[in-house]
1. Can you tell me which residue among Gly113, Gly106 is surrounded by 24 or more Cβ atoms within 10 Å (Cβ to Cβ) and of a type in the set (Gly, Ala, Ser)?
2. Going by the conditions given, is Ser121 under 18 Å from the mean Cα position of the chain (by Cα), surrounded by fewer than 24 Cβ atoms within 10 Å (Cβ to Cβ) and hydroxyl-bearing (Ser, Thr, Tyr)?
3. Please count how many residues of region 171-201 are among the acidic types (Asp, Glu) and under 21 Å from the mean Cα position of the chain (by Cα).
4. Which of the residues that make up region 391-401 are touching a residue at least 60 places away in the same chain (Cβ under 8 Å) and either aromatic (Phe, Trp, Tyr) or in contact with a helix residue (DSSP H, G or I) (Cβ under 9 Å, 6 or more places away or on another chain) (or both)?
5. Just the residues that are among the aromatic types (Phe, Trp, Tyr), in contact (Cβ under 8 Å) with a residue 40 or more places away in the chain and either surrounded by fewer than 18 Cβ atoms within 10 Å (Cβ to Cβ) or over 24 Å from Asp400 (Cβ atoms) (or both), please, taken from region 150-187.
6. Count, please, the residues in region 45-83 that happen to be more than 32 Å from the chain's Cα centre (by Cα), farther than 17 Å from Phe94 by Cβ and surrounded by fewer than 16 Cβ atoms within 10 Å (Cβ to Cβ).
7. Scan region 370-383 and tell me whether some residue there is at positive phi and in contact (Cβ under 8 Å) with a residue 60 or more places away in the chain.
8. Can you tell which of Ala352, Ala295 is of a type in the set (A, V, I, L, M, F, W, C) and closer than 20 Å to Ile99 by Cβ?
Amino acid sequence: MTKDLQYWIREGQKMTADRQRRIRRTRDWKFDTIAVHGLYDASTAHKSHSGSVMEPVYLSTAQAYENSAEMEAGLSYQMPTWCYTRIANPSIYFLEETIALLEGYGTDLETSGLATSSGMSAIRTATDPFLMKDDSLPPPNFVASAKIYGGAFQQFRERRFREQGIEVRWVTAPSEIESWAEKIDAGTRFLYGEFPSNPSVDIFDIESVSDLAHSAGVPLIVDATCASPALTRPLAFGADIVIQSATKLIATSGTTIAGLIVSRKGIPSKVGTDEMKADFATWVKLWPFRDNGPALHPMGAILILNDMRTLRLRIKTMSESALKVARWLEEYPEVDRVHYPGLSSYHAHDLARKYMQLADTDENQFGYLMAFEVREQGANQSVNTRKFYDALEMIWRATDLGRVKSVATLNAISTHQQQGEEGRKLASVKPNTVRLSIGLEDPADIIADLERALKII
């Protein structure tokens with residue numbers, strides 16, 4: 001048989017059909033089973049001539065082709081290809097397919113995934129296409145919660161607004177639906193929020209905000225890093241695109257920086273092609289991502305995939321420990337206030353109960369992240385906070401979160417320092433705010449370290 005262009009196109013169709021078959025099979029599995037296996041199976045292993053039980057690391061920049069016709073079919077996207085790791089690589093593909101299945105878990109949605117070199121590159125990659133030039137529309141703006149990670153705040157305010165002139169409209173009370181609605185107009189291109197937010201641990205009504213977005217003909221983009229698909233799957237509640245900084249809980253061992261994007265098929269948008277709206281993550285991967293180049297290293301993809309296999313089990317333990325720690329902190333006299341969705345005192349506790357539920361159970365779990373305010377006196381609002389912070393021994397002082405090890409952060413002098421006092425006020429980041437990421441230690445040991453350090457002040 002002559003292996004001409006049509007031959008390779010037919011081969012590509014067979015490969016695509018086999019992939020769809022494996023997706024249908026895998027969607028019937030439970031959350032943990034999907035996290036462990038993804039789409040990688042014995043058939044895939046033997047086709048790669050390795051037979052490896054675990055997904056191999058393909059440390060290769062490019063694929064070799066049998067002939068010019070296969071190259072033409074692959075590079076024109078008429079058949080699946082690993083042409084160049086900046087665009088596609090088998091190791092990265094294993095991760096992308098697994099996260100797409102996990103974010104769509106428990107729904108009938110068709111989802112697609114894309115891995116990037118960092119959480120920040122995931123934010124940029126997911127939002128750029130909606131800000132494209134279109135003279136038939138008013139000047140672009142987007143509506144975003146002000147209670148977001150400092151890097152995202154800077155990207156929106158400095159890179160988008162001050163450098164490019166694209167207006168960002170900040171929502172300072174994301175749990176209040178009217179605070180979103182009043183900022184949307186004909187120029188709005190997308191809505192953006194974090195669930196829960198970093199570091200203020202605030203949430204919003206995903207379902208109601210997605211309805212607002214869709215009534216305006218735009219997508220809702222949710223950064224769900226601090227929940228993970230094991231607790232909250234925004235796509236199930238109407239969101240269109242989910243971002244994960246896989247650097248955090250998903251890659252909990254702390255070996256890799258990466259971002260993940262998952263979109264559901266058929267999203268609304270005022271701009272872009274039908275192809276973009278039909279399958280956003282795949283379109284981004286094949287076109288703007290290819291041209292901009294924020295690719296993840298294949299080794300990083302496998303390291304993340306290995307950590308992700310135990311995601312649900314870890315978040316359960318971390319959440320249970322976090323609730324114990326939060327309750328203890330709430331009763332401690334030197335702590336003014338604790339922000340944790342699992343506390344009945346949390347301002348949106350009922351909303352958290354609606355959206356934060358451990359996959360494959362009827363249990364509400366509320367995640368590993370909390371913030372609390374140390375009691376201060378006098379004009380200087382960080383003296384006691386710094387004394388406490390510097391006295392920690394077991395708990396790490398760092399800007400990290402989502403680790404197997406507990407980590408405490410003073411965000412006002414670290415992750416949110418560059419956005420200035422006005423920006424920190426918008427995000428509710430105070431000088432005496434401590435962000436605490438609970439790890440897998442015994443909660444009694446975490447509490448003991450906190451108590452010893454608090455006694456210093």
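The values are calculated or read from the model by the stated rules, or taken from the named source; none is laboratory data. For clarity, every value in this text was computed on a predicted model and none was experimentally measured. Every residue, glycine as well, gets a Cβ built from its backbone with ideal geometry; the counts of neighbours run over all protein chains shown.
1. The conditions single out Gly113.
2. So Ser121 passes the test.
3. First, pick out the residues of region 171-201 that are among the acidic types (Asp, Glu): 176, 178, 182, 185, 194.
From what is left, the residues that are under 21 Å from the mean Cα position of the chain (by Cα) are 194.
The qualifying residues number 1.
4. Initially, region 391-401 is screened for residues touching a residue at least 60 places away in the same chain (Cβ under 8 Å), giving 391-393, 400-401.
Those that are touching a residue at least 60 places away in the same chain (Cβ under 8 Å) and either aromatic (Phe, Trp, Tyr) or in contact with a helix residue (DSSP H, G or I) (Cβ under 9 Å, 6 or more places away or on another chain) (or both): Ala391, Leu392, Glu393.
5. Trp170
6. Qualifying residue count, region 45-83: 4.
7. First, pick out the residues of region 370-383 that are at positive phi: 378.
Keeping just the survivors that are in contact (Cβ under 8 Å) with a residue 60 or more places away in the chain gives none.
Looking for residues that are at positive phi and in contact (Cβ under 8 Å) with a residue 60 or more places away in the chain, one finds none in region 370-383, hence no.
8. Values: Ala352 fails: closer than 20 Å to Ile99 by Cβ.
On inspection, the qualifying residue turns out to be Ala295.
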